[in-house]
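Shown next, in structure tokens, is the structure this report addresses.
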Amino acid sequence: MDFTTTLQTSQMIVNELTTGAFVHKMQGLLFKSQGFEKLGQKYLDHYTEEMEWVEKYTNRMLDLGCTPEVNISKQCKLIEDPKAYLEADLEIQREGVGMLYKMMPTLACDPTTYDITKAYLADEEEDQYWSEEQLDLIEKIGLQNWLLKQM
């Protein structure tokens, strides 16, 4: 069986996810330094969760006899304003969820990677919904009240 598509897809996910995870970690540290302990911890926990997905995809590539490449070279600027960061991160999440949906049919010939990606997609959708809920909450209770809840 040819696993070329699986390997290419997995490698792309690992590279993108590693970059995103690191940004989440740095944003978490930034938010904690601003006094937003809960928001900072949310993103630090998100980093850990995302790195677990990186590990799953990396192990799958290793199982298929492929040595993964480390290719993380994007420059990302941290965003000090928590609301602006939520908005920016939500756009990235929406794009990522859309890409994962498009990838699913190409992984159908590899049930193992398909199942990993299906679970990862569900997790990403949950993260997207959380961001949407937070922005909705900001609209309902006001930014200052929301920020107080993040301390």
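The values are calculated or read from the model by the stated rules, or taken from the named source; none is laboratory data. Quick caveat: nothing in here was measured; it's all calculated off a predicted structure. Here the Cβ is made from the backbone with ideal geometry for all residues, glycine too, and neighbour counts use every protein chain on show. Surface accessibility is based on the protein's heavy atoms, side chains included, excluding ligands, DNA and RNA. Shrake-Rupley method; radii C 1.70, N 1.55, O 1.52, S 1.80 Å.
Roughly what percent of Cα-Cα pairs across the stretch 1-92 reach past 23 Å?
Numbers: 1351 of 4186 pairs.
Tail of P(r) above 23 Å: 32 percent of Cα pairs.
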Assign unit charges at the C-beta atoms only (+1 for Lys and Arg, -1 for Asp and Glu), then state the dipole size of the chain relative to its Cα centre in Debye, rounded to the nearest 20.
360
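What does the accessible area per residue of the stretch 53-119 come to in Å², with a 1.4 Å probe and no ligands, DNA or RNA counted?
The answer is 64 Å² per residue.
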Taking the square root of 5λ for each eigenvalue of the C-alpha gyration tensor of the stretch 16-68, the equivalent ellipsoid has semi-axes, largest first and in whole angstrom, of 29, 9, 5
Would you mind checking the tilt of helix 111-141 against the longest principal axis of the Cα atoms of the chain, expressed as 0 to 90 degrees and rounded to 10?
10
Over the chain, what percent of the accessible surface lies on carbon and sulfur atoms, probe 1.4 Å?
54
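Computed FRET efficiency, Cβ-Cβ of MET99 and GLN144, R0 35 Å: what is it to the nearest 0.05? Mind dumping the intermediate values first?
Working: r = 35 Å, r/R0 = 1.01.
Plugging the Cβ-Cβ distance into 1/(1 + (r/R0)^6) gives 0.50.
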Equivalent-ellipsoid semi-axes (√(5λ), Cα gyration tensor) for the stretch 57-108, whole Å, largest first?
29, 18, 8
Would you mind checking the tilt of helix 4-33 against the longest principal axis of the Cα atoms of the chain, expressed as 0 to 90 degrees and rounded to 10?
20
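Helix-only mean residue ellipticity at 222 nm, the chain, DSSP H runs n ≥ 4 weighted -39,500 (n - 2.57), per residue, nearest 500. What is it? Show your work: numbers first, answer last.
Working: 5 runs with 117 residues, N = 151.
Rounded to the nearest 500, the figure is -27000 deg cm²/dmol.
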Not counting ligands, DNA or RNA, and with a 1.4 Å probe, what is ILE92's accessible surface area in Å² rounded to the nearest 10?
110
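Quick check for me: using +1 on Lys/Arg Cβ and -1 on Asp/Glu Cβ, what's the dipole size of the stretch 71-116 about its Cα centre, in debye to the nearest 20?
Values: 5 positive and 8 negative charges, 26 e Å.
My answer is approximately 120 debye.
For MET151 and GLU55 in one chain, what is 0.36 nm times their gap in residues minus the Cα-Cα distance, to one decimal in nm? Walk me through the numbers before you get to the answer.
On the way: separation 96, 0.36 × 96 = 34.56 nm, distance 3.13 nm.
Once the chain is fully extended between MET151 and GLU55, it gains 31.4 nm.
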Using the basic label-point model (7 angstrom from Cα toward the beta carbon), what is the GLU37 to ASP136 distance in nanometres?
2.9
For the chain, set up a GNM with springs between Cα atoms under 10 Å and report which of GLY20, GLY98, GLY40 has the largest fluctuation.
GLY98
In degrees, nearest 10, range 0 to 90: what is the angle between the Cα axis of helix 82-103 and the longest Cα principal axis of the chain?
20
Lys/Arg +1, Asp/Glu -1 at C-beta; the chain dipole; positive extreme among HIS24, VAL54, THR106
HIS24
Report the gain in length on full extension from LYS74 to CYS109: 0.36 nm times residue separation, minus Cα-Cα distance, nm rounded to one decimal.
9.5 nm
